[in-house]
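The block underneath contains the structure these notes are about, expressed in structure tokens.
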Amino acid sequence: MAQITHGADVAQLRDLASSFDRQADGLSSSTTTVSNAVQASVWLGPVAVEFKTTWTQVHSVNLRAAADLLRTQAKALRDQAQQQEQASAGGSALVPAETLNAPNTAVSAVGVVGLIASIGGAIQVLINQILSIDWSEVKLASELKAVTVSDAPLTQAQMQANAQYILDYLRSLGWSKEAVCAMLGNMQAESTINPGRWQVPSRAGYGLVQWTPPSGYLDWAAANGYGEADMNGQLQLINYEFGNHIQFYPSAYSSMTGSDFKTSTVSPDQLSTVFLHNYERPAVQDSQVEQQRASFAMDWYNTLQ
């Protein structure tokens, strides 16, 4: 059987494995910290959305993969140390070469190079993106009105604060004021513009637009790193739906698409009825429902800045 003519230093292998584990834990901890901060950020605008999306879908994924690779390499080092120790205990400092070099235990040079490239590449892309940010678009918490989340109907003052937040947020994504206020008229009727509102008493609908079933939002939120009653998460899903022909469909009332609706400057009361028939589609869609939501929409258009 082929043998190597020198043995590995067991203590050094284990020290290196411990170092890899510490680095992996540090990467994981930092990634979690940044992810939590990104999700809690009040930074609005298209640059903010792009950065948060890239962090969630690219940077954090790469950094977690790098941490996993470090842990895999640490395990491989410990396996090698154990093999060397067992060989020495058997009376020989020599270990069969095919054992030390087995694919399931050997520390791959290619793997280490890939590890370094993965970490370095992710960090460099992140740095480049941060340097490209137009910081004039960043809003501080003191510049934003508080968002109210509750399982109970909101007061007029609370609705107005939430409505202004929604208008600012969606405008930054290219929506017209007319379209947002048309949607706000429907949200007021559906949830009192409350991202934490459950349909009463059935709990068959949830959130700003009463997604039915609630999993329509909740599953998407979980998959994309948003909380259950996250205002930004719900607005992000609405924006995604309208841009990707999901949920908003042409109806007998209007042939307008979601993409057209987002930028429309048609009167909010008319757009409110389009939203009612093309997106919400509640069980009752009669003229009384249309008029109430249209009135809410015009009120928001005339009230919000």
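Using a Förster distance of 51 Å, how high is the FRET efficiency between Val284 and Ala65, based on the Cβ-Cβ distance and rounded to 0.05?
Numbers: r = 50 Å, r/R0 = 0.98.
Efficiency, from the Cβ-Cβ distance: 0.50.
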Next item on the list: Let me see the pair-distance distribution of the stretch 145-303: every alpha carbon pair, 10 Å bin width, integer percents in order.
Entry: 12, 44, 38, 6
Margin query: Suppose each label sits 7 Å from its Cα in the direction of the beta carbon; what would the Ala146-Asn302 distance come out to in nanometres?
Written below: 2.9
Next item on the list: Hey, for a label at Tyr240 modelled as a point 7 Å past Cα toward Cβ, could you say which residues of the stretch 185-222 have their backbone N under 15 Å away?
Entry: 211, 215-222
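Bear in mind these aren't lab numbers, they're just calculated from the coordinates by the rules spelled out. These numbers were taken from a predicted model, which means no experiment stands behind them. Positions of Cβ are backbone-derived with ideal geometry, glycine not excepted, and every protein chain shown enters the neighbour counts.
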